[in-house]
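The values are calculated or read from the model by the stated rules, or taken from the named source; none is laboratory data. Since we're looking at a predicted model, the values are computed, not measured. All Cβ positions, glycine included, derive from the backbone under ideal geometry; neighbour counts span all protein chains shown.
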Amino acid sequence: SKQTLLRGRVLSFTAEPQGPEDTSAYEFIEDGALLVADGMILAKGSYDTLAPQAAGAEVIDHRPHILMAGFIDTHLHFPQVQVIASWGSQLLEWLNNYTFPEEVRFADAGHSAEMAGHFFDLLTSHGTTTAVAYCSVHKTSAETYFTEAARRNMRMIGGKVLMDRNAPEGLLDTPLSGYDDTKELIAKYHGKGRGMYAITPRFAITSTPGQMEMAGALVQEHPECYVQTHLSENHDEIAFTAELYPQARDYLDVYQSYGLLTEKMLLGHSIHLQPREIDALAETKAKPVFCPTSNLFLGSGLFDDAGLRSRGITNAIATDIGAGTSYSMLQTLNEGYKVLQLQNQKLHPLRAFHWITRGNAVALGLEDKIGTLDAGTEADIVVLDSRATPAMDLRMQRAETLSEELFILQTLGDDRAIAQTYAAGKPMKPAA
Ligand code: GUN
Ligand code: FE
């Protein structure tokens with residue numbers, strides 16, 4: 001089979017860096033190479049070592065760019081590609097005024113398929129090779145999502161949202177239809193190619209207790225699947241949830257009492273938490289998801305990364321498109337850094353780049369497949385140009401260390417800094 005040798009400055013993490021100087025947590029090869037075939041990384045090493053072993057391979061020279069594992073976005077909404085940048089409101093009003101009317105359109109398979117093409121183009125042009133997405137309530141939206149993922153051979157996770165109240169008529173399923181559609185989608189797409197399914201009750205407000213019960217049954221019947229929802233994003237949301245679920249001890253208890261809370265659960269936002277909820281997250285090893293651009297855009301609040309980490313909780317990080325304002329995981333780090341600054345918390349660049357690659361893979365339990373450039377893993381690779389813009393180039397003239405270069409990338413970088421993205425070894429951009 002055809003082999004490709006990608007040459008560049010290879011950076012791959014082996015653990016979470018414990019500080020800005022922690023060189024034990026990564027491997028950096030200045031003149032490095034990756035030998036790729038059949039969608040997998042066969043070897044990682046210095047160019048001089050690998051070149052003789054790869055005599056017949058096509059060599060693609062990406063120097064002086066950095067080769068890194070493709071970025072992983074652990075929470076975003078596929079039907080919100082035309083919602084991003086909608087003015088003026090906080091969560092509940094934003095959902096009702098902008099988001100729900102837009103999601104109604106995804107009942108149409110043609111519209112859904114067209115948007116899926118744009119969505120996947122946007123992900124890879126921003127360096128993202130794996131994403132965990134909410135589709136709309138319509139089964140067809142999940143079908144177009146997984147079909148497009150398979151066409152591009154990308155490791156994508158997603159699910160149709162379960163929602164049976166507090167939304168427009170065209171966006172409601174029922175406990176039974178949501179259950180049946182989810183079962184069918186799991187059978188059709190989970191573990192088929194690189195697709196994986198996430199059981200997706202949207203959030204407490206849009207599901208009746210009857211639907212939560214059915215979601216709990218799905219989780220019990222499909223422990224191989226992820227579970228995703230939203231938690232404690234906004235004060236009005238939390239108050240409404242308490243009204244709808246008066247027996248629940250707190251917001252998280254709505255999910256916990258129906259059996260949804262496991263280590264496979266991703267909880268978008270998780271901002272305004274009670275001590276008991278933090279205990280429950282720590283005990284169950286569920287994963288809060290930090291969505292900095294979204295939390296700033298909707299005025300939701302500041303995610304307490306250090307507080308949760310100090311309890312041994314593994315936080316994921318994500319864009320949350322379309323409340324999030326950028327598809328770029330670099331820009332997500334940029335805003336995340338500022339959210340943490342406001343709380344006297346620090347996000348150093350080594351941990352930042354670990355987070356959007358291996359860290360998010362660990363949160364998904366997929367670090368043996370994606371998130372590093374180790375031999376035997378899937379060849380999802382991003383090529384980073386640290387001098388992509390005049391501002392970056394000028395600043396790079398004063399950069400002396402790898403950490404400085406990475407911090408410039410995470411602060412000033414966006415899709416212009418993505419020179420190429422490989423999904424399963426295949427370039428997603430036309431070669432320059
Ligand atoms: N909570 C429930 N649905 C949504 C959504 O689509 N976006 C955000 N940010 N929060 C939500
Ligand atoms: Fe969200």
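Remarks
- The strands (runs of 3 or more DSSP E) found entirely in the range 15-93 that carry 3 or more residues being farther than 30 Å from VAL227 by Cβ, in contact (Cβ under 8 Å) with a residue 12 or more places away in the chain and not hydroxyl-bearing (Ser, Thr, Tyr) are 26-37, 40-46, 58-69.
- Yes/no for GLY365 being closer than 29 Å to CYS135 by Cβ and assigned to a loop (DSSP other than H, G, I, E, B): yes
- Checked against (1) out of contact with any Gly (no Cβ under 7 Å at 6 or more places or on another chain); (2) touching a residue at least 40 places away in the same chain (Cβ under 8 Å); (3) over 22 Å from GLY268 (Cα atoms); (4) not hydroxyl-bearing (Ser, Thr, Tyr), ALA149 meets all criteria but (1).
- Pairs linking a residue in the range 413-432 that is farther than 16 Å from ILE41 by Cα to a residue that is among the charged types (D, E, K, R), with Cβ atoms under 6 Å and 6 or more positions apart or on different chains, are ALA417/ASP385; ALA419/ASP385; GLN420/LYS429.
- Filtered residue count, the range 89-135, keeping only those that are out of contact with any Leu (no Cβ under 7 Å at 6 or more places or on another chain), crowded, with 16+ Cβ neighbours inside 10 Å and closer than 14 Å to PRO168 by Cα: 8
- Counting only residues that are under 19 Å from TYR251 (Cα atoms), within 12 Å of ligand 2 (Cβ to nearest atom) and either outside any loop (DSSP other than H, G, I, E, B) or of a type in the set (Val, Ile, Thr) (or both), the range 291-319 holds 1 of them.
- Between ALA57, ALA69, the distinction of being more than 28 Å from LEU350 (Cα to Cα) and surrounded by 14 or more Cβ atoms within 10 Å (Cβ to Cβ) belongs to ALA57 only.
- From the list ALA417, ALA352, the one residue that fits, being buried (at least 24 other Cβ atoms within 10 Å of the Cβ), among the small types (Gly, Ala, Ser) and farther than 30 Å from ARG151 by Cα, is ALA352.
- Among the candidates ALA286, ALA306, ALA282, residue that is within 25 Å of ILE356 (Cβ to Cβ), away from ligand 1 (no atom under 15 Å from the Cβ) and surrounded by 24 or more Cβ atoms within 10 Å (Cβ to Cβ): ALA286
- Sole residue being out of contact with any Pro (no Cβ under 6 Å at 6 or more places or on another chain) and either within 16 Å of ligand 1 (Cβ to nearest atom) or under 30 Å from GLN331 (Cα atoms) (or both), chosen from GLY259, GLY216, GLY299: GLY299
- Note on the range 216-256: residues that are under 28 Å from GLU93 (Cα atoms) and either assigned to a helix (DSSP H, G or I) or of a type in the set (Gly, Ala, Ser) (or both) amount to 18.
- Single residue of SER125, SER89 found to be closer than 27 Å to GLU404 by Cα and either away from ligand 2 (no atom under 16 Å from the Cβ) or polar (S, T, N, Q) (or both): SER125
- Selection of first residues in the range 262-277 that are over 9 Å from LEU252 (Cα atoms) and modelled with pLDDT of 95 or more and of second residues that are among the basic types (Lys, Arg) and crowded, with 24+ Cβ neighbours inside 10 Å, restricted to Cβ pairs under 6 Å at least 6 apart or on distinct chains, gives the following pairs, ordered by first then second residue: LEU266/LYS287.
- Test: residue in the range 265-282 that is in a helix (DSSP H, G or I), under 19 Å from the mean Cα position of the chain (by Cα) and within 16 Å of ligand 2 (Cβ to nearest atom): no
- For the range 320-338, the set of residues classified as more than 16 Å from ligand 2 (Cβ to nearest atom) and surrounded by fewer than 24 Cβ atoms within 10 Å (Cβ to Cβ) consists of GLN331, ASN334, TYR337, LYS338, listed by residue number.
- The single condition from (1) touching a strand residue (DSSP E or B) at 6+ places or on another chain (Cβ under 9 Å); (2) surrounded by fewer than 21 Cβ atoms within 10 Å (Cβ to Cβ); (3) of a type outside the set (Ser, Thr, Tyr) that PRO168 fails is (1).
- Selection from the range 19-56 of residues that are modelled with pLDDT under 95, closer than 23 Å to ASN360 by Cα and of a type in the set (S, T, N, Q): THR23
- GLU233 meets all of the listed conditions (1) without any contact (Cβ under 8 Å) to a residue 24 or more places away in the chain; (2) in contact with a strand residue (DSSP E or B) (Cβ under 7 Å, 6 or more places away or on another chain); (3) acidic (Asp, Glu) but one, namely (1).
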